[in-house]
Amino acid sequence: MTNYSLPRHIAIIMDGNGRWAKKRFLPRTLGHQAGVEAVRRVIRRSVERKIEVLSLFAFSSENWRRPPTEVNFLFELFLSALKRETVKLHEQNVRLRVIGEVSRFDDKLRQHILDAQAMTAKNTGMTLVIAANYGGQWDICEAIKKLAVDIEQQRLASHDITPERIAAHLAFADLPNPDLFIRTSGEQRISNFMLWQMAYTELYFTDVLWPDFNAEELDKAIDFFVGRERRFGYISEQLQVSHA
Ligand code: IPE
Ligand code: IPE
Ligand code: MG
């Protein structure tokens, strides 16, 4: 039995900007710039395909380790994309959410994030999640801190900690878990993306470098997903009975 429904939530590690530039003897920054075009294409296609949630990993907790000039460039690019694209997102009825440790960003970027979220908050189309200074381990750690406060203040007993209670405190608590994960550029790792939420996500890897990713490549990934049987621990025959 295959799965005929579309993914509700697609999560993407947009990887390969640097290699795309290197192949063309260009600075890495131009690879990141070209990556923004791919972001635009993929958002548009996801809206067309009626995807409910699209999550894009823009900057990981570990990306601070990169040379400061590249880190600064990435934040400038994020700010300019927010300034330029928010109205277009709004016109597409997209709701923007930024998740991650934003407290480390400067005031100007934080304000633009708040404004963009506020402008699009009531939109009813796709939710676009930008994971910026995000790490799956950070996310789980924050959830545990909140539970620890509940225990300290005697609102919760330690034996009442359940997977559901942990999940309820994660950054994506109100969104469905990703159904389909895509990573470009040939790397086959999770790199500290949504560790908890991806427990049952279908994983799709492609050699295409992120700046070359487009609507057709997204469709290929969705086709891959549609062909998978998701068992969630059951055996195939049980699923056939329940869908008969
Ligand atoms: C992804 O491309 C963009 C970010 C991590 C911000 P990379 O910059 O990782 O590109 P490669 O992996 O060096 O090719
Ligand atoms: C993961 O890509 C993070 C983002 C795309 C934002 P990296 O290129 O930083 O991952 P590693 O270091 O190769 O695992
Ligand atoms: Mg990379």
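The values are calculated or read from the model by the stated rules, or taken from the named source; none is laboratory data. Bear in mind the structure is a predicted one, so any value in this text is a computation, not a measurement. Cβ sites come from the backbone with ideal geometry, for glycine too, and all protein chains shown count toward neighbours. The area values use the complete protein model at the heavy-atom level, side chains included, leaving out ligands, DNA and RNA. Shrake-Rupley method; radii C 1.70, N 1.55, O 1.52, S 1.80 Å.
Side notes on the structure shown:
- Tally of residues being surrounded by fewer than 14 Cβ atoms within 10 Å (Cβ to Cβ), under 25 Å from the mean Cα position of the chain (by Cα) and part of a helix (DSSP H, G or I) across the stretch 147-177: 3
- Residue selected from the stretch 180-204 under the condition over 14 Å from G136 (Cα atoms) and open to solvent by 20 Å² or more (accessible area, probe 1.4 Å), by the criterion nearest to ligand 2 (Cβ to nearest atom): E187
The rows are residues; the columns are (1) within 16 Å of ligand 3 (Cβ to nearest atom); (2) in contact (Cβ under 8 Å) with a residue 24 or more places away in the chain.
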| site | (1), (2) |
| --- | --- |
| F181 | yes, yes |
| S185 | yes, yes |
| N192 | yes, yes |
| L203 | no, no |
| V208 | yes, yes |
| A215 | no, yes |
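- Of all residues in the stretch 205-232, those satisfying the criterion of being at pLDDT 95 or above and open to solvent by 70 Å² or more (accessible area, probe 1.4 Å) are D207, E216, K220, D223.
- Residue-level analysis places K122 among those that are without any contact (Cβ under 8 Å) to a residue 40 or more places away in the chain, within 20 Å of L54 (Cα to Cα), open to solvent by 10 Å² or more (accessible area, probe 1.4 Å) and basic (K, R).
- Residue within the stretch 4-24 that is aromatic (F, W, Y), under 19 Å from the mean Cα position of the chain (by Cα) and either within 16 Å of ligand 2 (Cβ to nearest atom) or at pLDDT below 95 (or both) present: no
- Criterion: more than 14 Å from ligand 3 (Cβ to nearest atom), of a type in the set (S, T, N, Q) and within 30 Å of I235 (Cα to Cα) - qualifying residue of S5, S46: S5
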